[in-house]
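The structure appears right after this line, and notes come after that.
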There are 2 protein chains.
Amino acid sequence: MTGIPFILRFREFSFFGYLDGNAKRNQPTVPMRQLFVLILIIVLSTAAISCNDSEIQDVQNQFPPLEYAIAIHGGAGVMSRDMPAETREAYIRSLTEALTIGRDLLAEGASSLDAIESVIRFMEDDPLFNAGHGAVLTNTGTAELDASVMDGRDLSAGAIAGVKTVKNPISLARHVMENSRHVLFAGEGAEHYADQAGVERVENSYFITDNRRRQLERAIERDEVSLDHSGGSATGYFPESANDRFGTVGVVALDRDGNLAAGTSTGGMTNKRFGRVGDSPIIGAGTYADNRTCAISSTGTGEEFIRNAVAYQISAIMEFTGASLHEAASIVVHEKLKEGDGGIIGVGSDGSIAMVFNTPGMYRGAANSEGLFDVKIWD
Amino acid sequence: MTGIPFILRFREFSFFGYLDGNAKRNQPTVPMRQLFVLILIIVLSTAAISCNDSEIQDVQNQFPPLEYAIAIHGGAGVMSRDMPAETREAYIRSLTEALTIGRDLLAEGASSLDAIESVIRFMEDDPLFNAGHGAVLTNTGTAELDASVMDGRDLSAGAIAGVKTVKNPISLARHVMENSRHVLFAGEGAEHYADQAGVERVENSYFITDNRRRQLERAIERDEVSLDHSGGSATGYFPESANDRFGTVGVVALDRDGNLAAGTSTGGMTNKRFGRVGDSPIIGAGTYADNRTCAISSTGTGEEFIRNAVAYQISAIMEFTGASLHEAASIVVHEKLKEGDGGIIGVGSDGSIAMVFNTPGMYRGAANSEGLFDVKIWD
């Protein structure tokens with residue numbers, strides 16, 4: 001249903017532009033009343049869509065295009081409103097600091113790639129977020145980290161999966177993008193690549209916090225991994241606490257040169273099976289950037305984001321139907337994904353920002369050259 | 001340019017259907033001549049697109065929908081027409097046998113998943129193809145195998161990357177899809193998963209043929225991997241022989257129940273870096289299937305297929321613009337990818353078949369319930 005008005009809106013220019021031309025009285029004609037009804041249908045359909053959008057639209061599209069814009073996320077999930085005030089304040093404080101880093105860099109004229117890398121490094125280093133230091137643990141008690149980055153100028157991309165000793169996975173992903181002809185390295189191969197790339201290395205224990213170790217112990221006590229291969233029970237696999245499930249960080253940005261970039265970094269799921277790869281290192285699922293459309297970073301149940309090629313699908317809807325970033329993101333998050341799967345942040349080539357999720361909350365923030373600066377957890 | 005006629009064609013029904021309504025003489029009107037010009041533009045654009053398509057269309061869309069259809073590929077590349085007659089005949093013979101297995105299964109009412117798994121297992125076991133036995137070797141002289149499979153009924157998917165001891169990677173990918181809540185396992189984790197899945201295991205030496213070992217020795221002599229991280233030279237990374245680059249096998253099928261499935265299996269690139277993951281295990285890049293649109297399997301320069309989300313992009317163009325399978329595949333292979341990148345095979349939900357590539361050749365075959373049975377290497 002919602003697809004139709006996008007197409008019609010996309011075609012308004014040529015269609016109406018043409019029919020407005022000068023008419024000669026003696027030409028054969030078609031009835032104006034019928035055309036009027038057709039136009040009315042288009043206008044009403046468009047209005048109906050716009051109405052739906054306003055419910056979930058965090059930031060309206062801006063015209064003319066903004067000089068720069070940035071959005072960040074620190075994961076989507078249940079995030080009970082009863083969380084202790086100090087926890088909430090810690091998240092708000094950290095998100096505010098992260099967003100400030102990115103906003104200031106972009107204001108000074110930094111590239112979107114530099115901005116997203118700097119912000120993600122900050123979030124990786126912060127134990128509050130499930131990426132880098134403070135990542136959740138696999139069922140063998142180790143941290144295995146995934147990250148990906150994409151450059152909207154030329155669709156170049158880099159990603160790594162399952163690294164155990166790279167302090168800032170996002171920087172290794174960027175190294176893969178800029179210095180290798182490959183896109184994705186996994187496991188031992190990614191470590192081997194890191195040896196040659198000269199990025200900062202740490203012991204695996206660097207990533208592990210007491211908090212995450214207790215989370216894993218609780219998950220193992222509840223046997224939350226034993227049914228992983230059975231496929232039989234919805235309770236068998238996912239950690240009980242939805243807060244544990246969706247930790248990921250991501251940043252998308254538009255810089256003063258009009259270039260988009262997106263990056264995502266994660267420690268995956270608590271008690272995840274050894275070797276499982278989620279959507280964060282998958283270009284098209286967890287991360288996508290194309291200067292012609294948008295930059296997207298996803299967070300949620302990685303498998304659903306892979307099956308639906310979520311990050312790329314939003315770009316594709318914009319490219320092939322002329323939909324706005326927000327319309328495209330809403331279709332994918334609210335119609336293609338299931339309730340509770342997660343969310344996305346996006347920046348369009350015009351500087352519009354979308355932060356759309358189907359979970360109760362998403363740690364997030366957005367800023368732009370018009371003075372917007374907003375950090376939120378819930379609706 | 002080519003996007004426009006699809007949209008217009010997609011909208012023809014409601015637009016022209018409406019304007020054909022009864023007109024009253026005394027209503028205000030718009031000039032018929034201008035409408036006629038608009039219609040003419042649409043018709044000519046559509047005709048132009050159809051013309052382009054015919055050059056590359058292997059099999060026309062069929063109406064009414066076919067009972068079953070299948071397409072297979074054994075990799076795309078340069079494939080010199082000077083290849084020895086016995087080599088050419090060996091490929092034709094093997095492709096014919098593979099296609100017969102799939103066609104017969106579908107004719108007997110087998111599911112598309114069973115058909116693609118059986119055919120890919122046959123091709124994995126055949127040393128002619130770069131998958132399973134006869135896979136190309138990494139720069140450490142081992143075989144590392146990737147595979148993925150997707151079920152068009154519900155978008156469920158399974159994939160494995162970098163396995164070294166699983167005789168038929170496609171069957172492990174299917175096991176992941178049907179018995180795990182995850183989509184992708186990589187490296188040691190995939191081996192660990194295989195331990196529990198009970199699939200047939202072999203020593204890594206099983207995969208290695210004398211032919212592939214000689215290929216690797218030649219590649220190492222030519223130092224074809226040393227510049228992998230430099231990004232400086234186009235000759236530094238890829239094996240000299242384009243035949244070595246694009247080995248992959250894939251099968252797509254529509255069964256009598258109207259269900260689509262796609263699968264892909266590969267040994268990757270000769271002398272590829274340890275741990276590099278290409279597009280074959282990436283759902284959306286190497287493999288995609290959605291009953292509403294099509295089933296796709298890719299073969300080529302994996303990195304380009306990941307950046308362009310090739311398999312999913314074809315499905316997205318069909319879904320969002322109403323383009324045919326062949327139109328969508330042609331846009332992606334001939335306009336989005338670069339000459340020489342590779343190709344795709346696809347089956348649409350109506351049983352239409354597309355085999356589109358931008359290399360001189362692609363080992364391929366197609367069969368359907370109308371009696372089509374065709375095996376080809378070049379145009």
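Report yes if residue A:250 is at pLDDT 95 or above, among the small types (Gly, Ala, Ser) and touching a Pro at 6+ places or on another chain (Cβ under 8 Å), otherwise no. Step through it out loud before you land on a result.
On the way: at pLDDT 95 or above: yes; among the small types (Gly, Ala, Ser): yes; touching a Pro at 6+ places or on another chain (Cβ under 8 Å): no.
In short, no.
Which one is modelled with the lowest pLDDT among residues in the stretch B:343-360 that are of a type outside the set (S, T, N, Q) and over 21 Å from residue B:281 (Cα atoms)? Let's see the steps before the verdict.
Pass one, the stretch B:343-360, residues of a type outside the set (S, T, N, Q): B:343-348, B:350-351, B:353-357, B:360.
Subsequent filtering for residues that are over 21 Å from residue B:281 (Cα atoms) retains B:348, B:350-351, B:353-354, B:360.
On the way: B:348: 98, B:350: 97, B:351: 97, B:353: 98, B:354: 98, B:360: 92.
By that ranking, first place goes to B:360.
To keep it simple, each residue is scored yes or no on (1) within 19 Å of residue B:303 (Cα to Cα); (2) of a type in the set (A, V, I, L, M, F, W, C).
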| site | (1), (2) |
| --- | --- |
| A:286 | yes, no |
| A:300 | no, no |
| A:315 | yes, no |
| A:339 | no, no |
| A:343 | no, no |
| A:347 | no, yes |
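Give A:111, A:156, A:148, A:118 a once-over and let me know the one that is more than 14 Å from every other protein chain (Cβ to nearest Cβ), in contact with a helix residue (DSSP H, G or I) (Cβ under 8 Å, 6 or more places away or on another chain), under 19 Å from residue A:295 (Cα atoms) and not β-branched (Val, Ile, Thr).
On the way: A:111 fails: in contact with a helix residue (DSSP H, G or I) (Cβ under 8 Å, 6 or more places away or on another chain); A:156 fails: more than 14 Å from every other protein chain (Cβ to nearest Cβ); A:148 fails: more than 14 Å from every other protein chain (Cβ to nearest Cβ).
When all the criteria are applied, what remains is A:118.
Can you give me the number of residues within the stretch B:276-315 that are hydrophobic (A, V, I, L, M, F, W, C), farther than 13 Å from residue B:151 by Cα and free of Cβ contacts under 8 Å to residues at least 60 places away in the same chain?
Step one: list which residues in the stretch B:276-315 are hydrophobic (A, V, I, L, M, F, W, C), which gives B:277, B:282-283, B:285, B:289, B:294-296, B:305-306, B:309-311, B:314.
Subset that is farther than 13 Å from residue B:151 by Cα: B:277, B:282, B:285, B:305-306, B:309-311, B:314.
Within this subset, residues satisfying the condition of being free of Cβ contacts under 8 Å to residues at least 60 places away in the same chain are B:285, B:305-306, B:309-311, B:314.
Residues in the stretch B:276-315 being hydrophobic (A, V, I, L, M, F, W, C), farther than 13 Å from residue B:151 by Cα and free of Cβ contacts under 8 Å to residues at least 60 places away in the same chain: 7 in total.
Any idea which residue in the stretch A:139-187 is modelled with the highest pLDDT, counting only those that are over 21 Å from the mean Cα position of the chain (by Cα), in a loop (DSSP other than H, G, I, E, B) and crowded, with 24+ Cβ neighbours inside 10 Å?
The extreme case among them is A:182.
Does at least one position in the stretch B:98-120 carry a residue that is in the same structural domain as residue B:206 (by TED's automatic domain parsing), within 28 Å of residue B:203 (Cβ to Cβ), touching a Gly at 6+ places or on another chain (Cβ under 6 Å) and acidic (Asp, Glu)?
Checking the stretch B:98-120: not a single residue is in the same structural domain as residue B:206 (by TED's automatic domain parsing), within 28 Å of residue B:203 (Cβ to Cβ), touching a Gly at 6+ places or on another chain (Cβ under 6 Å) and acidic (Asp, Glu).
State all residues of the stretch B:192-210 that are in contact with a His (Cβ under 8 Å, 6 or more places away or on another chain) and more than 14 Å from chain A (Cβ to nearest Cβ); if no residue qualifies, say none.
Hits for the stretch B:192-210 are B:206, B:207, B:209.
State the number of residues belonging to the stretch A:264-319 that are closer than 15 Å to residue A:349 by Cβ, of a type in the set (D, E, K, R) and surrounded by fewer than 24 Cβ atoms within 10 Å (Cβ to Cβ).
Count: 2.
For the stretch B:98-138, name all the residues that are small (Gly, Ala, Ser) and in a helix (DSSP H, G or I).
Taking the stretch B:98-138 first, the residues small (Gly, Ala, Ser) are B:98, B:102, B:107, B:109-112, B:115, B:118, B:131-132, B:134-135.
Hits for the stretch B:98-138 are B:98, B:102, B:107, B:112, B:115, B:118.
Out of the stretch A:319-356, which residues are among the acidic types (Asp, Glu), within 14 Å of chain B (Cβ to nearest Cβ) and over 21 Å from residue A:74 (Cβ atoms)? I'd like the intermediate steps shown before the answer.
Quick first cut of the stretch A:319-356, residues among the acidic types (Asp, Glu) only: A:319, A:327, A:335, A:339, A:341, A:350.
Within this subset, residues satisfying the condition of being within 14 Å of chain B (Cβ to nearest Cβ) are A:319, A:327, A:335, A:341.
Within the stretch A:319-356, A:319, A:327, A:335 meet the criteria.
The values are calculated or read from the model by the stated rules, or taken from the named source; none is laboratory data. As the structure is a computational prediction, the values presented were derived from the model and not from experiment. Quick reminder, even Gly has a Cβ in these numbers, built from the backbone with ideal geometry, and neighbours come from all protein chains shown.
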